[in-house]
Amino acid sequence: MTDAFRHARMLANEAETRQLAMDLAMAVQPNDVVTLEGDLGAGKSTLARALIRAIAEDDMLEVPSPTFAIVQPYDLARLPVVHADLYRLTSPDEIAEIGWDEVSDRALLIVEWPDRLDGALSGDRLEIILTLAPGRGPNARNAVLVGHGSWGPRLERLMALRGFLDNAGWGGSLRRHLQGDASSRSYERLLDGQRRAVLMNAPKKPDGPVVKNGLPYSRIAHLAEDMVPFVAMAEGLRDIGLSTPEIEAVDLDQGFLVIEDLGRDGVIRDGAPIPERYMAAVDVLALIHARPRPAQLATPKGPYALPAYDRDALTIEVELLLDWYLPMKGARIPASEKYVFLQRWTELFGEVEKAPQTWVLRDFHSPNLIWLEGREGVERVGLIDFQDAVMGPAAYDVASLLQDARITVPEELELQLLSRYAAARRAADPSFDMAAFARLYAIMGAQRATKILGIFARLDQRDGKPQYLAHLPRIWAYLQRCLAHPALERVKRWVDDRVTPP
C-alpha cells in the first residue's frame, strides 16, 4: 500500500457534498488535518461547513466563513474543530500571531488555502482538491481526495466503506457516530426513514510487537483479529434463545457489518444498576452455563473454534499490572518479586484450567447489555461485543457483570445476584457446587481486576485516554473483595506489600 491514496469523486449537488462530509465526519480523529484547495468559488467553505455540521450532528449549526477571523474554533461534543481560512495570510510566520497554537491542541484542523503555510502541513493529512464542473450543473464540483502518510490507508478504507453501504442498501442513510469501546473498532447508527441499524467498522488487527515466546499480546490473550468470532457467537447465542443483533449485511474480509439496532436502553440508570435488569442478565448467564456448550461454531467461512482461556492468556493479562499500573504509580519491582507474583497466580490458574469449560463472552458488563422492553424472559437482555469469547470457567462472566468496571455494584446487590445465579444453576443441575463456584468467582474476579488496573493504566499512558483512570478506585475495591477469599491469601500478601492503591 502506498503512502498516498487518491480518490476522485463527483459532487453533483449539495446532497452529494453532504454525503462526502458525513463520510469524512465518521473517520476524523483528534489531531487530524484536512486541507481544502481550489480556486475562489470552488466550494471549499461549503464542504468545510458541511463537515463541521456533520461532526456536530446539527444541520442548523452556524458555521461562518473564517475569511476575516482567519481561525474559527468549535468546541464540539465529539471532538474540537478548528476551521482556518488562510487566504489573507502573506507569511507563514503570521500563523502564530492569530492564536493557532492555543486552539489547535487535539483538535481536527480544517484548513483552506494551505499553500499559505509554505509546506508546513506536508505530513500526515487528507488533502481535498475542488474544481468546478460547469458541464454537470451550477453546483457541481470535482473532488480529488489524497491521503498522505497515515491518511492513505484510512482514506482507502473510508471509500471501501462507502461502497459497502451502497451495496447493502444503506447508501443514502444518515450516519451518526456512536461511542465505541476501548478497541480499534468504531460504531455508527444508520438512519433511513423508519429503518434503523448499526454499522460496525472493525478493521483486521495487525500483529503488534512480540512480547513473549515470539507472539504479540493479542495472540497470547486470544483477542479477536477479525469479525469471524463475532458472527459465530452471534449465531450461537441466538440458537440457544438469547437476543443478539441480527446480521443484515457483512463483509468479513473488510470487517464491515450492518447489524440490528437493539436500541439505547441499558441496564443502569443514573450511574447505578437497575436490580431487575441485572437479575435478568444473571439469568442469561445461568442459561448459558446450564449445559455444556460446543467449542466449535459455524460461520460463513466455515467452522470457527473458540480458543481456550488457557494459562498463557490468564498470565499475560495479570502481567499488565506489572507492565503498566505499577510503573504509573512509580513502583520498581525487582525481577525476583515479579517471578513470585506470577508463580502465585500460576498455582491458581491450574485450578481454573481444571474447571468445567463453557462460553466466556469476556465483556459481559453494563456497556454491552441492552434492555429490550418488548421481549420476555432472558430475551429482554440484548447482547453485544462478544467477539473475544473463549472457552473458560463460568465464573469469569459472572464476576464481569457483578463487579462492573464502569459502575459500582453494591456488595449487597452482588450477593443477591450470586444467590439468584446459584439457585438457577441448582435448578438445572442439583449437583452444582456453590462453594467451588465461589472459590473460582473470587479467583477470576481478582484476575480480572488485576488485568483491568493494567489496561486502564495503559489506556492512559499509551493511548492518551485518561478518562479510564476515574474507574481505578472502583476496580481496586473489587480486587480487595476478591482477595479476601482464602484461596487468594498468598496473592493478597504480595499485593498488600507492593501495590499502591489508586
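Quick notes on this one:
- Matching helices (runs of 4 or more DSSP H) fully within the range 391-464 where at least 1 residues are open to solvent by 50 Å² or more (accessible area, probe 1.4 Å): 411-428, 434-461
- Per this entry, Asp388 is counted among residues that are open to solvent by less than 20 Å² (accessible area, probe 1.4 Å), outside any strand (DSSP E or B), of a type outside the set (A, V, I, L, M, F, W, C) and under 24 Å from Arg219 (Cα atoms).
- Residues that are under 19 Å from the mean Cα position of the chain (by Cα) and either open to solvent by 60 Å² or more (accessible area, probe 1.4 Å) or more than 11 Å from Ile407 (Cβ to Cβ) (or both), drawn from the range 257-270: Leu257, Val258, Ile259, Glu260, Asp261, Leu262, Gly263, Arg264, Asp265
- Of all the listed residues (Asp310, Asp363), the sole one being open to solvent by 10 Å² or more (accessible area, probe 1.4 Å), within 30 Å of Leu483 (Cβ to Cβ) and modelled with pLDDT under 95 is Asp363.
- Boolean, Leu285 is touching a residue at least 40 places away in the same chain (Cβ under 8 Å), outside any helix (DSSP H, G or I) and closer than 18 Å to His365 by Cβ: no
- In the range 145-169, the qualifying residues are those that are assigned to a helix (DSSP H, G or I), under 20 Å from Val231 (Cα atoms) and out of contact with any Gly (no Cβ under 7 Å at 6 or more places or on another chain), and the one that is most open to solvent (accessible area, probe 1.4 Å) is Asn167.
Let's see how each residue does on (1) closer than 18 Å to Ile443 by Cα; (2) touching a Leu at 6+ places or on another chain (Cβ under 7 Å); (3) aliphatic (A, V, I, L, M):
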{"residue": "Lys329", "(1), (2), (3)": "no, no, no"}
{"residue": "Glu337", "(1), (2), (3)": "no, no, no"}
{"residue": "Leu342", "(1), (2), (3)": "yes, no, yes"}
{"residue": "Ala355", "(1), (2), (3)": "yes, yes, yes"}
{"residue": "Pro367", "(1), (2), (3)": "no, no, no"}
{"residue": "Tyr396", "(1), (2), (3)": "yes, no, no"}
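- Among (1) modelled with pLDDT under 95; (2) open to solvent by less than 70 Å² (accessible area, probe 1.4 Å); (3) not polar (S, T, N, Q) - the single one Pro300 does not satisfy: (2)
- Within the range 76-86, the presence of at least one residue that is open to solvent by less than 30 Å² (accessible area, probe 1.4 Å) and in contact (Cβ under 8 Å) with a residue 40 or more places away in the chain is confirmed.
- Among the residues of the range 18-43, those identified as over 19 Å from Gly172 (Cβ atoms), open to solvent by 10 Å² or more (accessible area, probe 1.4 Å), outside any strand (DSSP E or B) and touching a residue at least 60 places away in the same chain (Cβ under 8 Å) are Gln29, Pro30, Asn31, Asp32, Gly38, Asp39, Gly41, Gly43.
- The set of residues in the range 262-312 being β-branched (Val, Ile, Thr), in contact with a Ser or Thr (Cβ under 8 Å, 6 or more places away or on another chain) and under 17 Å from Ser243 (Cα atoms) consists of Val267, Ile288.
- Residues of the range 414-429 include at least one that is among the polar types (S, T, N, Q) and touching a residue at least 60 places away in the same chain (Cβ under 8 Å).
- Filter result for Ile220 (open to solvent by 40 Å² or more (accessible area, probe 1.4 Å), over 18 Å from the mean Cα position of the chain (by Cα) and of a type in the set (Val, Ile, Thr)): no
- Pairs are defined by a Cβ separation below 6 Å, a sequence spacing of at least 6 or placement on different chains, a first member in the range 461-489 that is of a type in the set (Phe, Trp, Tyr), and a second member that is surrounded by 15 or more Cβ atoms within 10 Å (Cβ to Cβ); the pairs so defined are Tyr468/Phe456; Tyr468/Leu459; Trp476/Pro502; Tyr478/Gln403; Tyr478/Ala449.
- Residue count for the range 170-204 satisfying the condition of being assigned to a loop (DSSP other than H, G, I, E, B), more than 13 Å from the chain's Cα centre (by Cα) and surrounded by fewer than 17 Cβ atoms within 10 Å (Cβ to Cβ): 5.
- Screening Gly208, Gly241, Gly263 for residues that are of a type in the set (Gly, Ala, Ser), closer than 19 Å to Arg362 by Cβ and either in contact (Cβ under 8 Å) with a residue 12 or more places away in the chain or not in a strand (DSSP E or B) (or both) leaves exactly one candidate, Gly208.
- The combined condition, being open to solvent by 40 Å² or more (accessible area, probe 1.4 Å) and either of a type in the set (Phe, Trp, Tyr) or part of a helix (DSSP H, G or I) (or both), is not fulfilled by Trp345.
- Looking only at the range 44-75, and only at residues there that are under 20 Å from Leu126 (Cα atoms), touching a Lys or Arg at 6+ places or on another chain (Cβ under 9 Å) and open to solvent by 50 Å² or more (accessible area, probe 1.4 Å), the one that is modelled with the lowest pLDDT: Thr46
- Residue within the range 271-294 that is modelled with pLDDT under 95 and within 22 Å of the chain's Cα centre (by Cα) present: yes
- So Val231, is it part of a helix (DSSP H, G or I) and either closer than 25 Å to Leu191 by Cβ or open to solvent by 40 Å² or more (accessible area, probe 1.4 Å) (or both): yes
- First in the range 105-132 and basic (Lys, Arg), second anywhere and assigned to a loop (DSSP other than H, G, I, E, B) and buried (at least 16 other Cβ atoms within 10 Å of the Cβ), Cβ under 7 Å, 6 or more apart: Arg106/Pro80; Arg116/Leu86; Arg116/Leu89
- Scanning the range 87-108 for residues that are modelled with pLDDT of 75 or more, open to solvent by 20 Å² or more (accessible area, probe 1.4 Å) and either within 19 Å of Ala50 (Cα to Cα) or not in a helix (DSSP H, G or I) (or both) returns Tyr87, Arg88, Thr90, Ser91, Arg106.
The values are calculated or read from the model by the stated rules, or taken from the named source; none is laboratory data. Just so you know, these numbers come straight off a predicted model, no measurement behind them. We place every Cβ from the backbone using ideal geometry, glycine too, and count neighbours over all the protein chains shown. Ligands, DNA and RNA are excluded from the accessible area calculation, which covers all protein heavy atoms including side chains. Shrake-Rupley method; radii C 1.70, N 1.55, O 1.52, S 1.80 Å.
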